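The values are calculated or read from the model by the stated rules, or taken from the named source; none is laboratory data. For clarity, every value in this text was computed on a predicted model and none was experimentally measured. With ideal geometry, Cβ positions are generated from the backbone for all residues, glycine too; neighbour counts draw on all protein chains shown. In case anyone asks, the SASA skips ligands and DNA or RNA and just uses the protein heavy atoms, side chains included. Shrake-Rupley method; radii C 1.70, N 1.55, O 1.52, S 1.80 Å.
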Amino acid sequence: MAYADHIVGQILAEHLIDKDLVPGKEVAIRIDQTLTQDATGTLVYQEFMSLGIARVKTKFSISYVDHNTLQVGCENADDHLFLQSAAARYGVNFSRPGNGICHQVHLERFGVPGQTLLGSDSHTPTAGGLGMLAMGAGGMDVALAMAGAPFHMTVPKVILVRLTGKLSSWVGAKDVILYLLKKLSVKGGLGKIFEYGGPGVKGLKVQERATITNMGAELGVWTSVFPSDEETRRFFAIQGREKDWVSISARDSAEYDDIIEIDLSTIESLVACPSSPDAVKPVDELTGIKIDQVVIGSCTNSSYHDLKLVAELLRDKKVHPDISLVIAPGSRNVLSMLAKDGSLSNMVDAGARVLEVACGPCIGIGQAPPSGGISVRTFNRNFPGRSGTPDAQVYLSGPQVAVAAAITGQLVHPSKLGHSPKLKEPEQFLIDDSMIIPPPPNSENITIRMGPNIKPLPEFEPLPDSLKLKLLLKLKDNVTTDDILPGGSKVMALRSNLPAISEHVFALKSPGFLKKAKATDTIAILGGENYGQGSSREHASLAPRYLGVRVILALSFARLYRANLINFGIIPVLIKEDEYNKLEVEDCLELVDMRKVVLESDVITIMVPQKDFEFKGYLQLSRREKEILLEGSCLNFYRHKLTENS
Ligand code: MIC
Ligand code: SF4
């Protein structure tokens with residue numbers, strides 16, 4: 001059984017509930033751990049509560065607060081109280097605001113090789129850096145996993161990324177993933193898992209591996225995974241949890257769907273240009289571009305490993321007078337270590353602005369660049385508008401290029417900084433979990449605190465038999481969830497308030513959409529390839545459904561977004577390029593006999609009466625997905641099933 005011989009297959013086989021591992025077929029797997037973050041988490045816990053389960057059934061579940069930490073009104077603070085009380089009530093650990101970015105803390109403190117992790121955030125695969133099968137999912141799927149239900153996934157193709165050689169000085173893990181993005185594009189990983197292997201792996205620290213698996217999300221892969229080897233054991237030892245370490249590697253008989261060979265020594269310093277993570281160029285081709293702002297941090301590059309390097313590069317230097325340099329460490333333990341070893345003073349003395357440990361500017365919460373400004377960020381996404389300034393130009397790089405830009409005021413090769421410092425890894429990491437509150441054993445009487453911003457989940461009616469839809473938007477390839485529902489402190493604070501957040505659907509991409517949507521009963525949207533790439537935020541499906549969107553036609557869908565559409569009763573219909581070209585905004589579409597067609601067929605006929613043409617759409621749905629669509633939402637489908645069995 002070659003599929004069960006690579007790392008992915010071994011972990012899946014170990015967690016399989018029924019059926020065999022046949023690539024392309026849906027299977028159900030057991031989830032060991034879940035994580036949520038606050039911006040998606042408030043919905044997750046509301047969904048969990050609707051399932052009527054008394055206490056989570058996973059081995060370990062945790063609720064992080066790291067996104068909406070800016071408190072300019074009561075909304076975020078109220079949400080934090082809701083999350084803290086819900087965690088205590090339902091048996092979930094609670095990582096308080098200030099403790100760190102979910103993926104960084106999870107890697108340091110909780111990830112376990114060989115186990116499965118489902119997180120309501122698209123960068124959950126960060127934990128793949130230590131050999132865990134870690135996947136992002138919509139909140140509803142995470143709520144179900146907490147309730148003990150299996151996670152359903154299509155068995156993906158597994159691609160071996162075979163690493164040889166060693167990175168040269170000034171080149172880091174971020175350059176490896178930028179190299180892959182340049183080669184494969186943001187759609188290059190759709191339907192696949194990337195498994196890293198080869199002799200080059202052992203030269204990469206766990207933290208570097210995690211930078212690579214983190215940004216697999218930008219390639220569109222299900223997830224990415226590294227072996228768990230001696231280097232991983234060392235990581236667990238410095239984290240004081242060697243007992244959690246297990247070895248995991250591919251067997252010699254493993255067979256892959258494809259192999260990508262990378263000689264690490266050939267990789268150069270790379271930068272993703274505005275406004276897509278795959279618009280990658282060597283920094284040498286961009287030399288001289290003047291910069292206004294540099295931001296270092298995010299779940300991609302905020303480890304002690306990265307920030308120690310940043311501090312050493314900044315030692316005895318000053319930030320260029322035209323640059324605002326901002327640094328946000330990834331976890332409180334990282335910040336504390338930087339403070340204790342003097343690195344923090346290197347940063348502050350150089351003129352850096354140090355932020356609290358949180359996502360912050362990565363999701364447009366603070367530090368928006370000036371109008372038309374140019375920002376270099378060590379983040380993973382530079383989608384249009386995500387920084388908070390619609391016309392800003394955001395470049396993505398590793399910490400080496402970012403520091404060089406901060407000091408020189410321009411994009412330059414980091415070797416301009418002189419000698420690349422040799423860093424010694426600490427023998428012991430600071431371990432202080434006092435900002436993680438474990439749930440009490442007896443919690444039935446804990447009151448859930450719900451502030452006025454937390455609105456109840458809507459009830460959605462089942463799929464009708466026929467639909468008359470108006471096509472309100474025709475969009476191109478690679479529409480992001482930031483396009484569908486923007487981030488930023490104003491909109492993100494409304495994550496628990498569906499009526500309010502729905503007012504922001506397509507706010508940046510198509511400002512006239514809302515008015516038209518309010519005047520239309522049932523709506524269809526047309527997209528190109530990779531529709532819905534980016535975040536796991538289910539609000540980007542829930543809010544459109546709330547406004548009346550029932551069908552999305554596209555050439556292809558991003559995996560997470562497609563699952564979220566189905567969970568909220570919106571039908572994802574695949575169409576061919578010819579039809580994409582023919583369809584126009586304001587076209588009226590008619591679908592008949594839908595309940596039967598959705599349940600029994602994979603092809604649906606869509607009529608455009610005023611143009612006297614009809615065309616075929618393709619459903620590609622599993623039996624379970626069909627039934628969810630018929631019920632009108634995943635919550636409708638599962639509510640009674642799980643309560644009856646719990
Ligand atoms: C992101 O990086 O876009 C986010 C914010 O972390 C999202 C989750 C969200 O929208 O709350 C993600 O990546 O899933
Ligand atoms: Fe937070 Fe940014 Fe990572 Fe999303 S990508 S989890 S916003 S740091």
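Quick check: is even one residue across region 453-466 part of a loop (DSSP other than H, G, I, E, B), open to solvent by 30 Å² or more (accessible area, probe 1.4 Å), over 22 Å from residue 571 (Cβ atoms) and of a type in the set (A, V, I, L, M)?
no
This table checks each residue for (1) open to solvent by 20 Å² or more (accessible area, probe 1.4 Å); (2) closer than 23 Å to residue 139 by Cβ; (3) out of contact with any Asp or Glu (no Cβ under 8 Å at 6 or more places or on another chain).
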| site | (1), (2), (3) |
| --- | --- |
| 552 | no, yes, yes |
| 559 | yes, yes, yes |
| 569 | no, yes, no |
| 572 | no, yes, yes |
| 585 | yes, no, yes |
| 600 | yes, no, yes |
| 604 | no, no, yes |
| 622 | yes, yes, no |
| 632 | no, yes, no |
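Residue by residue, here is whether (1) at negative phi; (2) within 16 Å of ligand 2 (Cβ to nearest atom) holds:
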position: 288; (1), (2): no, no
position: 301; (1), (2): yes, yes
position: 319; (1), (2): yes, no
position: 323; (1), (2): yes, no
position: 345; (1), (2): yes, no
position: 353; (1), (2): yes, no
position: 362; (1), (2): yes, yes
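Can you list the helices (runs of 4 or more DSSP H) lying wholly within region 140-224 that have 3 or more residues being in contact with a strand residue (DSSP E or B) (Cβ under 6 Å, 6 or more places away or on another chain)?
Values: elements: 173-184, 206-214, 216-219.
Fully inside region 140-224 and qualifying: 173-184.
Keeping to region 55-92, report how many residues are closer than 13 Å to residue 144 by Cα and of a type in the set (A, V, I, L, M, F, W, C).
Number satisfying all stated conditions: 1.
Name the residues in region 511-529 that are more than 16 Å from residue 545 (Cα to Cα) and surrounded by fewer than 19 Cβ atoms within 10 Å (Cβ to Cβ), would you?
Residues satisfying the conditions are 511, 512, 528.
Restricting attention to region 349-368, which residues are open to solvent by less than 10 Å² (accessible area, probe 1.4 Å) and more than 22 Å from the chain's Cα centre (by Cα)?
350
Under the condition of being among the aromatic types (Phe, Trp, Tyr) and assigned to a loop (DSSP other than H, G, I, E, B), which residue from region 378-397 is nearest to ligand 2 (Cβ to nearest atom)?
Taking region 378-397 first, the residues among the aromatic types (Phe, Trp, Tyr) are 379, 383, 395.
Next, only the ones that are assigned to a loop (DSSP other than H, G, I, E, B) stay: 379, 383.
Numbers: 379: 6, 383: 11 Å.
Per the stated criteria, the residue is 379.
Any residue at all in region 431-450 that's within 25 Å of the chain's Cα centre (by Cα), within 16 Å of ligand 1 (Cβ to nearest atom) and either among the β-branched types (Val, Ile, Thr) or within 20 Å of residue 272 (Cβ to Cβ) (or both)?
No, region 431-450 contains no residue that is within 25 Å of the chain's Cα centre (by Cα), within 16 Å of ligand 1 (Cβ to nearest atom) and either among the β-branched types (Val, Ile, Thr) or within 20 Å of residue 272 (Cβ to Cβ) (or both).
Is there a residue being within 22 Å of the chain's Cα centre (by Cα), over 17 Å from residue 212 (Cβ atoms), of a type in the set (Val, Ile, Thr) and open to solvent by less than 10 Å² (accessible area, probe 1.4 Å) anywhere in region 165-182?
No; the residues of region 165-182 include none that is within 22 Å of the chain's Cα centre (by Cα), over 17 Å from residue 212 (Cβ atoms), of a type in the set (Val, Ile, Thr) and open to solvent by less than 10 Å² (accessible area, probe 1.4 Å).
Go through region 261-346 and tell me which strands (runs of 3 or more DSSP E), entirely inside it, have 3 or more residues that are buried (at least 24 other Cβ atoms within 10 Å of the Cβ).
In region 261-346, 270-272, 293-296 are the strands (runs of 3 or more DSSP E) which contain 3 or more residues that are buried (at least 24 other Cβ atoms within 10 Å of the Cβ).
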